[in-house]
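J.: Input: one structure, supplied below.
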Amino acid sequence: MIAVIQCAARKRRDAGHLRRQDGKKVKFVADPAIAPADTEYVYAHPDEMSDTGVSWRQVLVQYNASPANNPYGLLPASELYDRPAYRQLTDRLGSSNVFILSAGWGLIGAPFLTPDYDITFNATTKRKGTLEVPTGTL
């Protein structure tokens, strides 16, 4: 059996971040232009060009291809969301049989190392920089 579950707005507080070459953490949002000013993060959209000349999405795919010791502390998608249902589903079906429909990253496998991001399908979310798409309208 294969299961697909939608992502959740709340991520674990200990979720890692991709980083620019200067070490600054990247927080992924739907619209970086309206993200709040922040000294801790640089805001970016997953499809924007990174400072390495490829999109952040490509950076993440490359990171997953050779995570070494996972220096940025990214979490597997099944562990990123702050709800036990993701881990329980993976425990029951196996990580190769669980996929998550991520508002930020698309359809990803449960073991895919995923950074913290603030893009959601939840229409009730009112944070700046958050994509507001009613559930079921992709």
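J.: Quick one: which residues, 5+ away or cross-chain, put their amide H under 5 Å from the amide H of TYR117? H built at 1.01 Å from N.
T.: Residues meeting the criterion, in which the H sits 1.01 Å from N, do not exist here.
J.: Let me ask something additional. What ³J(HN,Hα) values, in whole Hz, does the Karplus curve 6.51 cos²θ - 1.76 cosθ + 1.60 give for the range 61-75 when θ = phi - 60°, with x put for Gly and Pro?
T.: For the range 61-75, the Karplus curve yields 4, 5, 4, 5, 5, 9, x, 6, 9, 6, x, 8, x, 5, 9 Hz.
J.: Here is a follow-up. Which of ILE100, ILE34, ILE119 moves most in a GNM of the chain, Cα contacts under 10 Å?
T.: ILE34
J.: Sequence-distant or interchain residues sharing an amide H contact under 5 Å with LYS11, placed H: which?
T.: For LYS11, the qualifying residues are ASP82.
J.: Which order do the peptides 26-32, 61-67, 104-110 come out in when sorted by mean C-beta neighbours inside 10 angstrom, highest first?
T.: 26-32, 104-110, 61-67
J.: What label, among (i) 11.0; (ii) 9.4; (iii) 8.6, belongs to mean projected area of the Cα convex hull in nm² computed from the structure on display?
T.: Label of the calculated value: (iii).
J.: So between GLN6 and ASN97, what do we pick up on full extension, going 0.36 nm a residue minus the alpha carbon distance?
T.: Between GLN6 and ASN97, full extension yields 31.3 nm more.
Coordinate-derived values only; no laboratory data. Note that the structure is a prediction, hence the values are computed from the model and not measured. Cβ: placed from backbone, ideal geometry, glycine included. Neighbour counts: every protein chain shown.
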